1. Give me the compactness ratio for the range 4-179, meaning the Cα radius of gyration over 2.2 N^0.38 Å.
2. Per residue of the chain, what 222 nm ellipticity follows from adding -39500 (n - 2.57) for every DSSP H run with n ≥ 4, rounded to the nearest 500?
3. Equivalent ellipsoid semi-axes for the range 1-101, as square roots of 5 times the alpha carbon gyration tensor eigenvalues: give them largest first, rounded to whole Å.
4. Highest first, please rank the peptides 115-124, 55-64, 160-169, 12-21 by the mean number of other Cβ atoms sitting within 10 Å of their residues.
5. What nm value, rounded to one decimal, do you get for the distance between residue 126 and residue 141 when each label is placed 7 Å out toward the C-beta?
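Just so it is clear, none of the values below were taken in a lab; they were calculated from the coordinates. This is a predicted model, so every value here is computed, not measured. Virtual Cβ from ideal backbone geometry, glycine too; neighbours counted across all protein chains shown.
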Amino acid sequence: MKNDCDRFFVLTGGPGSGKTTLIEAFSVAGFANSPEAGRGIIRDQLAIGGNALPWQDRALFSELMLSWELRSWQAACDLSGPVFFDRGVPDTLGYYRLIGLPAPAHVGSVAAKFRYNRRVFIAPPLPEIFMQDEERKQTLDEAERTYHSLVGVYGELGYELVELPRAPVEERRRFILTEAGLK
C-alpha cells in the first residue's frame, strides 16, 4: 500500500446496520480499528451533562464528530497495516445533509484533504437487526435516510461504494477482506 489513505478502510451506513459489530470482528481478528464517533460523543456528553447531543445541539454534535474523526485519522497514521474505521470524515458531511443544516466550508475542505481508501464499504439498512437504545434514538426511517445521504456524499467525493452483503458478520468480514485485497 502506497500511502496511509490506501490502508484506511471505512465502513459506513445508517445506524443499526451492523457496522460496529463488524468492526469488533476485525478487532478480534487482530486488525487495527477506529471506533464510531457518534456513540462515543453521546456517551461522553451524557456523562458530563453536555448538550452536544443530536437531540439537543446538532451543530455542536457535528463539530465534535468532525474533531473525533480527524483525531482518529491522525492516530491511525501511527499504526501499521490496514485500519478499519467505523465511519469517516465524510460521514459528518452526510450528517449535515441529513439534518438539513448547511455544512460549514471547513467540513468540506477536511473531507477533501483527509482521505481513505477509494473503496468504501457501506452497510445497507437491516430492519431485522435495527434497535433503538439510550444512545441510538433514530428511527428506522432516519437510518434509511442516513444510508442514502452517505451514498450521495461518498459518491460526490469520488469514493467507490461497495455495498456489504446482507449476511452474517463473519461472511461480511471475509467479503471486505477479499474486496480490499487483504486476503
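1. Normalised Rg, Cα atoms only: 0.96.
2. Values: 7 runs with 89 residues, N = 183.
Taken over the chain, the calculation gives -15500 deg cm²/dmol.
3. Details: eigenvalues 122, 41, 34 Å².
Largest first, the range 1-101 gives 25, 14, 13 Å.
4. Put in order of decreasing packing, that is 12-21, 115-124, 55-64, 160-169.
5. In this crude spin-label approximation the distance works out to 2.4 nm.
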